[in-house]
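Beneath this line is the structure, given in C-alpha cells, with notes to follow.
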Amino acid sequence: MKAVAATALALFGGAVWANPQPDQLNLTKGVTTWSGEPYFLNNVAFGVCVVIGIVVFGAMFISMFKFRKSRGAVAEKWTHNTKLEALWTGVPIIILIVLAKLATTGLVSFADTTGSEMTIKVTGYQWKWRYDYVDYQGKAVEKVGFMSKLDGRSDRTRQLGSGMDPGKVTVDGYNTYLLDVDHPLVLPINTKVRFVITGADVIHSWWVPALGWKMDAIPGVINSAWTNIKEPGVYRGQCAELCGQDHGFMPIVVKAVPKAEFEQWLATQQDEAKLLKASQTAQTAPAPKGQG
Amino acid sequence: MAHAAHDQHDHHDHEHHGPPKNFIERWVFSTNHKDIGTLYLVFALTMFFIGGSFAMVIRAELFKPGLQLVQPYFFNEMTTLHALVMIFGAIMPAFVGLANWMIPLMVGAPDMALPRMNNLSFWLMPFAFCVLLSTLFMPGGGPAGGWTMYPPLSLQGESIAYTVFAVHLMGISSIMGAINIIATILNMRAPGMDLLKMPVFVWSWLITAFLLIAVMPVLAGAVTMLLTDKYFGTNFFNAAGGGDPVLYQHIFWFFGHPEVYIMILPAFGIVSEIIPTFARKPIFGYKAMVFAIASIAFLSFIVWAHHMFAVGLPMGAEIFFMYATMLIAVPTGVKVFNWVTTMWGGSMTFETPMLFSIAFVILFTIGGFSGLMLALAPADFQYHDTYFVVAHFHYVLVTGAAFAIIAAAYYWLPKWSGNMYNETWGKIHFWSSVISVNVLFFPQHFLGLAGMPRRIPDYNVAFANFNMISSIGGFWFGASQLIFLGVVIHAVFFSKKKSPDRSWEGAKGLEWTVPSPAPFHTFAVPPVINDDELAHGHVDH
C-alpha cells in the first residue's frame, strides 16, 4: 500500500523527470530558471479546483442522498438566498485575483528577453527543424547551423506496417521512439539563451516540456522566447502545432552541456564550417574554366 | 387549462388538419416546426454516428504506439472531419432541432415565425455535409488541416473550395435559423408569457441566436479569404505577399469562441428545465441564471485570443485575454451553484433525463476546471495543443453539450412520440455512457500533462498505457450510443406505454399542457397563461 502511494505521488509530482515517463500524471517541473512557474501555477490551480470540486460535488451527493423522493423528502419552495448568492459570486472573484496575480508574475518574467548571452534562430520546416547559432557572449557566430530531423530508427519503425516494435527504440535504456533526432540542439547551461523562432512554410510550434513553454513558429513572424537551463541533460519535445502529414514526426532534442564543453563544441563547429567553406570555394573556383 | 380556446368552432378546420399524407410533401416541403425539428434531430443523430465513426478510427490508430491502420494524412483528415461533423453536423443542428420543436410549444406560439425559411435552413444542411464529406472520396482527399483551418497549412489542401462552400452553406443555415428563433421568441409569445416568465431554455436560445448572427458572418469572411488566397491571388494570410497568418487566427477565434458558447448555452437551458422538474422545486435564482447566460455571451466576444497564447502575442494582450477569460468562471460558477441549490431541499427522483443532467453538472464542471487552468497563460504555454486541451473540450462538449442533448431527448421524447421510452434501457445507456466517457477522456488529461501533443497519429511508448485505456473507453462509449439508438427507435415505433400529457410528475410549462404526442398544430389560438402552470411563473421582480 505504501509503495502504491509512493508511486502515485512520484507520478503526480514528476519533478525529477525532464522527459515523458510511462504513466506520468502531472506536468514536469522542468530544468530551467523559469520552468517552475507553469508547474507551480498548474499545481495551485489544480488544488483550487479540487477544493471547489469537493464542496460542489459534495453538496450534490449529499442532496442526492438526503432529498430523494423515495426517502420521503418533500420539496421546499424557496428560490433565493441573497447572502449565499453574494458569497458564491464574491469568493470566486477573490480566488481569481490570487491566481491572476501569480500568473501575471509568470508572464512578466517570461516576456523579458533582455540580458541574453546567446541567440539561437529556430526555423520550422515541414517536417524538421533548423537551428542557427546567431551569437554567443556578444560575438557573432559564423556559419553554425544545421537541420534536425527524426532519427533513422524511429523513422523506419513508424512506417505503416513496418512490423517493428516502437518499444525497442531506446537510448541509454530510455525509450526515444519519435523523440530522438539526428542532430540535437546543443546549448550551454547557466546561460540566458534567447530564441528567435519562425516558420518557413506553415505554422509549427517549438515545444520542449522541460523548458516550460512552447512558441509558435510562424512564416513571416519572428517570435522570441528565452531559457536558462540549470542542469546538463538531454531534453525532448515535439512540434505542437498541426503542420501536415508528418506533424507527429518532427521531434525536438535539446542537449544541455556545461559552458566549457559547449564552447569547445561551438569552436569545432565553426572550424568545420570554415573548412567546408574553403573546400567549397576550391571546388567551385575552377568551374567557369571547365565550362569555358 | 392553457388551451382554453381549443374547441372553438371557427378554428376547427384549421386546428385539426393533420400532416400531409404524401411522404415527400410532408418531409421535404415541410413548414411545420415539429416536423422540421424532427428532421434536424434525425440529421444530427445521423451525423453523430458518422462523426463518431471517425473518432473510432482515431482511437483505433492510437490504441498502441506505431502506425497500424491508416496513413498520417488520412489520420489528419479524420481529426479534421470528426470535429467539423460533430460541431456543425451533430451538436448545432441538434440544438436547432430542439429549438424548433420546443420553443413554439414553450412560449405558446402556433409555429416558428418564418416557416418557409425554416424549411430552407434545414434543407441546406444535408447538402452542406454531402459537399464536405464527398471530399473523402476525391483524389485530393478531405480537409486535413484541422477544423480551425489555419493557413498556410489549410491552403495546401486540395479540398479547401469544397470545405469553404460547405461552411458557407452551414453558416447561411445557422443565420436563418437564428433569425427565425429570435423572431419567434420576440413576436410570437402568447399574451402573458413575459420575457421573464420564459423557460430558461428559451432564454438560452434567444441569447445563442444573437451570438450566431454576430459570428457566423465572421467565419464566412475568414473562409472566403482562405478561398481567395488559394485561388484568386490574394495575400490576406500569405506573409510573402504582405499578409499575416496570425490575422486568420484572430478572425477565426473571434468566431470560434462565441461558437463554443453557442454549443453550451442551450445545454445550460436544457439542464435548467430538467433539474427543477425532477427535483420538484423551482429553479434557484431564475434571474441570476438568465443574467449569467447573458454575461457569458458578452464575455465570449472579448476572450478569443486565449486560443492563441502561444502565437507570440504582446504581453499586454496576453494579460488582457487571460483576465477576461478568468472572469467567465464567475457567471459559470453562479450557474453551477444554482443548479446544485435547486437540487438541495428538493424531492428528487432519478429518471434518465435527470441522470444525464446531474452527470452534465458534474462533468461539465470538471471541464470548467480544466478551462480555468487553461486560462492561466503561463500554464497554457505547457497545456496548449496537448491532450490536456483535448480532454478539456471533450468534457465540455461531450459530457456537456452532448449529454444535455441526450437528456433533452429522453425528457421530451414522450411529448414528441406520445410513448414512454424504456426506463431500464435508458438507465443502462446512462451508466454505460457515463462510465465509458470518463475512461475515454479522463486519462487524456494525464497524457497532455506528460507532454503528448494533440493531432498526432503516433506517439512515444511512455504514452502507451493511457492511450490504450482511452481507446477502450472510446470503443465502449461509441457502442453505448447504439443503445440510445435502440431506445429511441423502440420508444417511437414500438413502445406500448403511452405518455400522459404531463409526462413527468414535476414537469411545468406550456409544452406539458398539450396532448402527447403533440398534435401537428398546437396553440392555433394563444393559450391563456396561468402562472402556476409555468416553470418560472412567479419570478420576484
Give A:Ile229, A:Ile218 a once-over and let me know the one that is touching a residue at least 40 places away in the same chain (Cβ under 8 Å), buried (at least 24 other Cβ atoms within 10 Å of the Cβ) and in contact with a helix residue (DSSP H, G or I) (Cβ under 8 Å, 6 or more places away or on another chain).
A:Ile229
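Does B:Gly51 satisfy the condition of being within 19 Å of the chain's Cα centre (by Cα), closer than 21 Å to B:Pro527 by Cβ and either loosely packed, with under 14 Cβ neighbours inside 10 Å or modelled with pLDDT of 95 or more (or both)?
So B:Gly51 does not fit the description; no.
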Could you tell me whether any residue of region B:181-188 is assigned to a loop (DSSP other than H, G, I, E, B), hydrophobic (A, V, I, L, M, F, W, C) and within 30 Å of B:Glu533 (Cβ to Cβ)?
yes
Going by the conditions given, is B:Phe278 free of Cβ contacts under 8 Å to residues at least 24 places away in the same chain and either surrounded by fewer than 24 Cβ atoms within 10 Å (Cβ to Cβ) or more than 15 Å from the chain's Cα centre (by Cα) (or both)?
no
Subset of region B:418-473, residues assigned to a loop (DSSP other than H, G, I, E, B) and within 14 Å of another protein chain (Cβ to nearest Cβ), comes to B:Gly451, B:Met452, B:Arg454, B:Arg455, B:Ile456, B:Pro457, B:Asp458, B:Tyr459, B:Asn460
For B:Gly140, indicate whether it is closer than 30 Å to A:His204 by Cα, in contact (Cβ under 8 Å) with a residue 60 or more places away in the chain, among the small types (Gly, Ala, Ser) and not in a helix (DSSP H, G or I).
no
Matching residues in region B:505-541 - criterion: being in contact (Cβ under 8 Å) with a residue 40 or more places away in the chain and assigned to a helix (DSSP H, G or I)
B:Leu510, B:Glu511, B:Trp512, B:Asp531, B:Glu533
Just to be sure I understand the filter: pairs with C-beta atoms under 9 Å, separated by 6 or more residues or on different chains, first member in region A:46-75 and at negative phi and crowded, with 16+ Cβ neighbours inside 10 Å, second member basic (Lys, Arg) and assigned to a helix (DSSP H, G or I). Which pairs pass?
A:Ala73/A:Lys66; A:Ala75/A:Lys69
Can you pull out the residues in region B:187-230 that are within 21 Å of B:Gly171 (Cα to Cα) and free of Cβ contacts under 8 Å to residues at least 12 places away in the same chain?
B:Thr228
Exactly one of these conditions fails for A:Cys243: (1) at the interface with chain B (Cβ under 9 Å from one of its Cβ atoms); (2) surrounded by fewer than 24 Cβ atoms within 10 Å (Cβ to Cβ). Give me its number.
(2)
Matching entry among B:Pro110, B:Pro104 (being more than 14 Å from chain A (Cβ to nearest Cβ) and assigned to a loop (DSSP other than H, G, I, E, B)):
B:Pro110
Could you tell me whether region B:58-66 includes any residue that is closer than 24 Å to B:Asn465 by Cβ, away from chain A (no Cβ under 14 Å) and surrounded by 19 or more Cβ atoms within 10 Å (Cβ to Cβ)?
yes
Just one of the numbered conditions (1) in a helix (DSSP H, G or I); (2) surrounded by fewer than 21 Cβ atoms within 10 Å (Cβ to Cβ) is not true of B:Arg502; which one?
(1)
Note: among B:Gly233, B:Gly243, B:Gly256, just one is within 14 Å of another protein chain (Cβ to nearest Cβ) and either part of a loop (DSSP other than H, G, I, E, B) or in contact (Cβ under 8 Å) with a residue 40 or more places away in the chain (or both), namely B:Gly243
Just to be sure I understand, how many residues within region B:67-81 are assigned to a helix (DSSP H, G or I) and either at the interface with chain A (Cβ under 7 Å from one of its Cβ atoms) or free of Cβ contacts under 8 Å to residues at least 40 places away in the same chain (or both)?
4
Pull up region A:56-83, narrow it to residues that are assigned to a helix (DSSP H, G or I) and at the interface with chain B (Cβ under 7 Å from one of its Cβ atoms), then point me to the one that is nearest to B:Thr325 (Cα to Cα).
A:Val56
Condition test on B:Met78, is it in contact with a Gly (Cβ under 8 Å, 6 or more places away or on another chain) and among the aliphatic types (A, V, I, L, M)?
no
So which residues in region B:129-144 are away from chain A (no Cβ under 14 Å) and aliphatic (A, V, I, L, M)?
B:Val131, B:Leu132, B:Leu133, B:Leu136, B:Met138
All but one of (1) within 17 Å of A:Leu150 (Cβ to Cβ); (2) within 14 Å of chain B (Cβ to nearest Cβ) hold for A:His183; state the number of the condition that does not hold.
(2)
Can you find a residue in region A:128-142 that is within 28 Å of A:Lys214 (Cβ to Cβ), within 11 Å of another protein chain (Cβ to nearest Cβ) and touching a residue at least 40 places away in the same chain (Cβ under 8 Å)?
no
Note down all Cβ pairs under 8 Å where the first residue falls in region B:299-327 and is farther than 15 Å from B:His250 by Cβ and facing chain A (nearest Cβ under 7 Å), the second is aromatic (Phe, Trp, Tyr) and part of a helix (DSSP H, G or I), and they're at least six residues apart or on different chains.
B:Met322/B:Phe309
Among the residues of region B:286-318, count how many are more than 24 Å from the chain's Cα centre (by Cα) and of a type in the set (Gly, Ala, Ser).
4
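Does A:Lys101 fit the bill of being modelled with pLDDT under 95 and either within 12 Å of B:Gly346 (Cβ to Cβ) or loosely packed, with under 12 Cβ neighbours inside 10 Å (or both)?
So A:Lys101 does not fit the description; no.
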In region A:37-55, how many residues are among the hydrophobic types (A, V, I, L, M, F, W, C) and within 7 Å of chain B (Cβ to nearest Cβ)?
4
Please verify whether region A:255-270 includes one or more residues that are buried (at least 20 other Cβ atoms within 10 Å of the Cβ) and either free of Cβ contacts under 8 Å to residues at least 40 places away in the same chain or within 29 Å of B:Gly146 (Cβ to Cβ) (or both).
no
Mind checking whether some residue in region A:235-242 is among the acidic types (Asp, Glu), touching a residue at least 24 places away in the same chain (Cβ under 8 Å) and farther than 26 Å from B:Ala144 by Cβ?
no
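The values are calculated or read from the model by the stated rules, or taken from the named source; none is laboratory data. Keep in mind it's a predicted model, so treat the numbers as computed, not measured. Note that we place each Cβ from the backbone using ideal geometry, even for glycine, and neighbour counts take in every protein chain shown.
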